[in-house]
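To start, the structure under review is shown below, and the notes come after it.
The values are calculated or read from the model by the stated rules, or taken from the named source; none is laboratory data. Nothing here was measured: the structure is a model prediction, and the numbers come from that model. Positions of Cβ are generated from backbone atoms using ideal geometry, with glycine treated the same way; all protein chains shown enter the neighbour counts.
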Amino acid sequence: MNATASSGRGAVTLHDVAREAGVSLATASRVLNGSTRKVAESYRVRVEAAAEQLGYTANLSAQATARGSAAIVALLVSGITDPYVGHVAAGVATGAHETGMLVTIAITGRDPERAARLVRAIRGQRPRGLLLAGWMVPNLRSELDAFTQTGGKVVTVGPNDAGYDVVTVDNVGGGRHLARELAALGYRDAVVVATDESNLVYEDRVTGFTEGFEAGGGTVRRVVRAELSREGAYRAAEQLVADGLDEGTVVFGVSDVMAIGVASAVRDAGRQVGRDIAVAGFDDIAPARDIGPGLTTVHVPLEDLGYRGLRRIVDPEGEHPEPSALEVVVRPSTPPRV
């Protein structure tokens, strides 16, 4: 190879790479611009080596102009501190690596106006698709519709009522299964710490848990609404304990993050998690296994959700198998009641 192909010039071009690799411009383009047409392995190796040696970077804007979209998937999340989001993002990253896509992450901070502005800005990048991790806000509809009208693909991780493609799990069934397990352990009184009713993912969990617990002979005494965070659940549980929470009650947090907040409030009030007040969650994030006592929860394949969401964008016409049934994991935070 001629290592001086672009010596003394500006930015390295695709022509430079093709010349350095000794291949046609079309072949270099197929290798570096994500064409579906096959290229001989020997040519692919030469082109990639030339691109690396010359420091060539693909022009995503030019790709988007030529194709109508760039090899980009945008992931829209409320924040990055929630382990739920981290697990989903990891699955998205795995799928992107396999398919040669670039992932950008936009953080809304649960601000509807900020979310709308971000989607508007993302549209300007002409990404292949937009993946929303587990939430929807009403005023996003017009921006998302505008995105789909230009050929973009919208997928939500969790249900939506706007008709977009969805990657989901049986949250109702998971909540029902968890509640029946708790009823079988002897629990008869439950309190649910939930979030805003418009969040369909978590509302399905409330519905399933209530149905399952009552079917098992128990009673859901209250459903308390709180901010979807550890701090929001902590404040809600703090008030519950102050109001008087009977020994033997099980508190179900609609996510592990919220359940961990509940458990912290119970401990800080001088009561023991498990022996005095039982706590259960949903998702089976890593901290749920490590806190003391370990948190009873529902295992959700979060990375798989992100992976399947990415695949639905990249290959919308492909076969997309339904997720496996959710598994309840019983830990010491809900010991049997005798």
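Scanning region 103-133 for residues that are modelled with pLDDT of 90 or more and touching a Pro at 6+ places or on another chain (Cβ under 9 Å) returns 104, 129. The listed residues are 146, 190, 194, 184, and the only one of them that is over 30 Å from residue 334 (Cβ atoms) and hydrophobic (A, V, I, L, M, F, W, C) turns out to be 146. If you go through region 282-338 and keep only what is within 25 Å of residue 229 (Cβ to Cβ) and among the aliphatic types (A, V, I, L, M), you end up with 285, 286, 288, 291, 295, 298, 300, 302, 305, 326, 328, 329. I'd like to know if region 179-187 contains one or more residues that are crowded, with 22+ Cβ neighbours inside 10 Å, assigned by TED's automatic domain parsing to the domain that holds residue 226 and among the small types (Gly, Ala, Ser). Looking through region 179-187, at least one residue is crowded, with 22+ Cβ neighbours inside 10 Å, assigned by TED's automatic domain parsing to the domain that holds residue 226 and among the small types (Gly, Ala, Ser). Within region 225-242, the residues that satisfy the criterion of being under 26 Å from the mean Cα position of the chain (by Cα) and surrounded by fewer than 19 Cβ atoms within 10 Å (Cβ to Cβ) are 225, 227, 231, 232, 235. Being assigned to a helix (DSSP H, G or I), at pLDDT 95 or above and in the same structural domain as residue 218 (by TED's automatic domain parsing) holds for only one residue in 278, 263, and it is 263. Within the span defined as region 298-313, one or more residues are under 19 Å from residue 261 (Cα atoms) and either of a type outside the set (D, E, K, R) or not assigned by TED's automatic domain parsing to the domain that holds residue 94 (or both).
For residue 67, the requirement of being surrounded by 13 or more Cβ atoms within 10 Å (Cβ to Cβ) and at pLDDT below 60 is met. Looking only at residues of region 206-222 that are touching a helix residue (DSSP H, G or I) at 6+ places or on another chain (Cβ under 6 Å) and under 17 Å from residue 171 (Cβ atoms), we find that the one that is surrounded by the fewest Cβ atoms within 10 Å (Cβ to Cβ) is 207. Where residues in region 311-338 are modelled with pLDDT of 90 or more and out of contact with any strand residue (DSSP E or B) (no Cβ under 6 Å at 6 or more places or on another chain), which of them is farthest from residue 90 (Cα to Cα)? Applying the filter and picking the extreme gives 337. In summary, residue 43 fulfils each of the numbered conditions (1) buried (at least 20 other Cβ atoms within 10 Å of the Cβ); (2) modelled with pLDDT of 85 or more with the single exception of condition (1). Scanning region 193-205 for residues that are at pLDDT 95 or above and surrounded by fewer than 23 Cβ atoms within 10 Å (Cβ to Cβ) yields no hits at all. Under the condition of being hydroxyl-bearing (Ser, Thr, Tyr), within 24 Å of residue 298 (Cβ to Cβ) and outside any loop (DSSP other than H, G, I, E, B), the residues counted in region 69-112 number 2. The residues on offer are 232, 294, and the sole one that is assigned to a helix (DSSP H, G or I), touching a helix residue (DSSP H, G or I) at 6+ places or on another chain (Cβ under 8 Å) and either more than 21 Å from residue 167 (Cβ to Cβ) or charged (D, E, K, R) (or both) is 232.
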